[in-house]
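One structure is given below, encoded as structure tokens.
The values are calculated or read from the model by the stated rules, or taken from the named source; none is laboratory data. Note that the coordinates shown come from a computational prediction; the quantities given were computed from them, not determined experimentally. In this analysis, Cβ positions are derived from the backbone assuming ideal geometry, glycine residues included, and neighbour counts consider all displayed protein chains. Ligands, DNA and RNA are excluded from the accessible area calculation, which covers all protein heavy atoms including side chains. Shrake-Rupley method; radii C 1.70, N 1.55, O 1.52, S 1.80 Å.
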Amino acid sequence: MTKVAFAPDVFTWPAEEPQLIGSRCSVCQAVTFPRKPSCPRCGNPDMAERLLPRRGTLVAWTIQGFLPKAPYAGGETEETFRPYGVGLVQLGDEVRVETRLTEADPEKLRFGMELELVVVPFRTDADGTEVVIHAFAPTES
Amino acid sequence: MHDVAIVGVGIHPFGRFGPKSAIEMGAQAVRAACADAGISWSDVQFAFGGSNEVDNPDAVISLLGLTGIPFMDVYNGCATAGTALELTADAIRYGKYELGVAVGMDKHLPGAFTADPEYYSAPSWYGEAGQFLTTKFFGIKINRYMHDHGISHATLAKVVNKSLRNGVLNPNAFRRKPLDEATILGARMLNYPLTQYMFCSPDEGAAAVVLCRADIAHRYTSNPIYLRATALRTRRYGAYEVHSSWAAVEEDVAPTVYASRAAYEAAGIGPQDVDVIQLQDTDAGAEIIHMAENGFCADGEQEKLLAEGATEIGGRLPVNTDGGLIANGEPIGASGLRQIHELVRQLRGQAGDRQVPGNPRVGYAQLYGAPGTAAVSILTT
């Protein structure tokens, strides 16, 4: 079965230990996700690619409880849709990324909990291609 | 710089109106505002029109009269109406004109807004991944705020319960049916901790104001309301905002805080002086957070204030006396001028069943929306 990333240049793939692909400003060292053409802090157009830490802590979160409209591309219907978690995750002292979480139960999410990047199934296309997406999973259960 | 007065306000009800166009609603609001000011459209020297769905709000002049005046179209997210108001006021402040109109109108489909994420400087995959949702942002922000500052789920329900009761008193509101707190809390969870009834709905409507140089206001009215300050601000580095795929580790406060400080300073008025408050309540949590961001209380104090009924029409901090966005919905271009309409009615003592007691003298309005833009206006008698 072919596995493809849902979008290019978001995370390293295929990779045993995938990492999100961000960028860092050569002048003020600000780190962004994803890669940006210029620095949002100082405007410098010289940004270098930076692979982001794979582990982080949960700063804030919600549960997406309804099926988003297009351009959402998860492929579910109202009947098959299952809520998913979305969180702001701080990666080291570099940057916070807004990302899917593998956990969608409010009882199991805690502010400050440790998370790790994983690549999980997103949808299966008509030709059988399995499309995968990045998400953060709790490291403790 | 000249002072600016509001001498007329008009509104087309908010809700859903079948085939009626946004332009027709806009014209109706302008006619009402002109009638309120005792002027005719031909007296209007210039106008700014705000809308999200209407490409050229200036089409409204084809219904009002093709007088050839300059009419400028603006769009600035949820701060569109605040922007139209500020630009109209500025043109008078700097002496270019004496009298003008700010109008806002919109007609949205039901359901959450959607668009191309790249127009918001977000990556295109952000929408495909299911993150390009304003409701998700508001869920994340209030969830963290509740955790940090001890706000309960019941307090979110109190906001909605109050807004809908105020909506019952407002004949122009979209939602005019009260809901008890248990029903609000027990409704479908859209974005934890926010349930279905805790969000406003995009809908339809229009509102308009007539502004003039303050020294000529008495030609039109015996009770002018003065626009003491308008301030617009965008997000700074470090603020986590709507449609952000990332944020800096070092946090900065939201753009509302900067707009609010600038408006207070320009007006020479502090939050303790304000008698009637209009806050952007895209969701119940936003009203709670915006109470603090605009200086009306400390973070976390809302829990006690709402339990005491402080934000009720008869309370010491009346918030969204016309039901706010939760009862009125949000036709983006019109929403901020609906706020001004309500404040003017309150400050003139013309708010009927929802009149704030004690002759309120100072009104305050705040807008906030994607991609991190805020507008604040301060009005006085």
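Taking a Cβ cut-off of under 10 Å around B:E53, the surrounding Lys, Arg, Asp and Glu residues balance to a net charge of -2, with basic ones at +1 and acidic ones at -1.
Restricting attention to chain B, close to 75% of DSSP beta bridges with both partner residues there are antiparallel. Taking a straight Cα-Cα cut-off under 15 Å and skipping sequence neighbours fewer than 8 places away in the same chain, the aspartates and glutamates within cross-link reach of B:K177 are B:D322. Computed with the Debye formula from one identical point scatterer per Cα of region A:3-124, without solvent, the log10 of I(q)/I(0) at q = 0.10, 0.15, 0.23 Å⁻¹ comes to -0.36, -0.79, -1.34.
If the Kirkwood radius is taken over C-alpha pairs of region A:54-138, then at 20 °C and 1.002 mPa s the Stokes-Einstein diffusion coefficient equals 157 µm²/s. The Kirkwood hydrodynamic radius of region B:108-153, based on inverse pair distances between different Cα atoms, is 12.3 Å.
Just to check, using Stokes-Einstein with a Kirkwood Rh over alpha carbon pairs, what's the diffusion coefficient of chain B at 20 °C and 1.002 mPa s in µm²/s? Reported coefficient: 105 µm²/s. The long axis of helix B:255-267 is offset from the longest Cα principal axis of chain B by roughly 40 degrees.
Could you work out the mean count of beta carbons from other protein chains within 10 Å of each residue's beta carbon in B:131-140? Mind dumping the intermediate values first?
Values: counts 8, 4, 7, 0, 5, 8, 4, 1, 7, 8.
Whole-number average of other-chain Cβ neighbours for B:131-140 is 5.
Against the empirical 2.2 N^0.38 Å (N residues), the protein assembly as shown has a Cα radius of gyration ratio of 1.00.
Using the alpha-carbon atoms, what tilt in degrees (0 to 90, nearest 10) does helix B:134-149 show relative to the longest principal axis of chain B? Here the helix axis deviates by roughly 60 degrees. Taking θ as phi - 60° and the Karplus parameters 6.51, -1.76 and 1.60, the scalar couplings of region B:331-342 work out to x, 3, x, 9, 4, x, 7, 4, 4, 5, 4, 5 Hz in sequence order, x denoting glycine and proline.
In the protein assembly as shown, the DSSP beta bridges split such that about 80 percent are antiparallel, to the nearest 5. The overall shape of region B:1-81 is rounded: from the C-alpha gyration tensor, with semi-axes ordered a ≥ b ≥ c, the ratio a/c is less than 1.5. In chain A, the sites counted are GluC sites (Glu not before Pro) in DSSP loop states with at most 12 other Cβ atoms within 10 Å, and the longest stretch holding none of them, exclusive of the sites, is A:17-77. In chain B, the portion of solvent-accessible area held by carbon and sulfur atoms comes to 49 percent [1.4 Å probe, whole percent, DNA, RNA and ligands not counted]. Counting only DSSP beta bridges with both residues in region B:250-381, the antiparallel share comes to about 65 percent.
Taking one quarter of the surface of the convex hull spanned by the alpha-carbon atoms of region B:143-281 gives a direction-averaged projected area of 12.0 nm².
Residues whose amide H falls under 5 Å from that of A:R50, counting only those 5 or more places apart or on a different chain, are A:G22, A:S23, A:R24, with hydrogens built in the peptide plane.
Ordering A:34-46, B:365-377 by mean Cβ neighbour count within 10 Å, with the highest value first, yields B:365-377, A:34-46. Taking θ as phi - 60° and the Karplus parameters 6.51, -1.76 and 1.60, the scalar couplings of region A:74-85 work out to x, x, 6, 10, 3, 6, 8, 5, 10, x, 10, x Hz in sequence order, x denoting glycine and proline.
A straight line joining the Cα centroids of region B:99-155 and region B:19-35 runs 27 Å. Expressed as an acute angle from 0 to 90° and rounded to the nearest 10, what is the orientation of the C-alpha long axis of helix B:153-168 relative to the principal long axis of chain B? That helix lies at roughly 30 degrees to the long axis.
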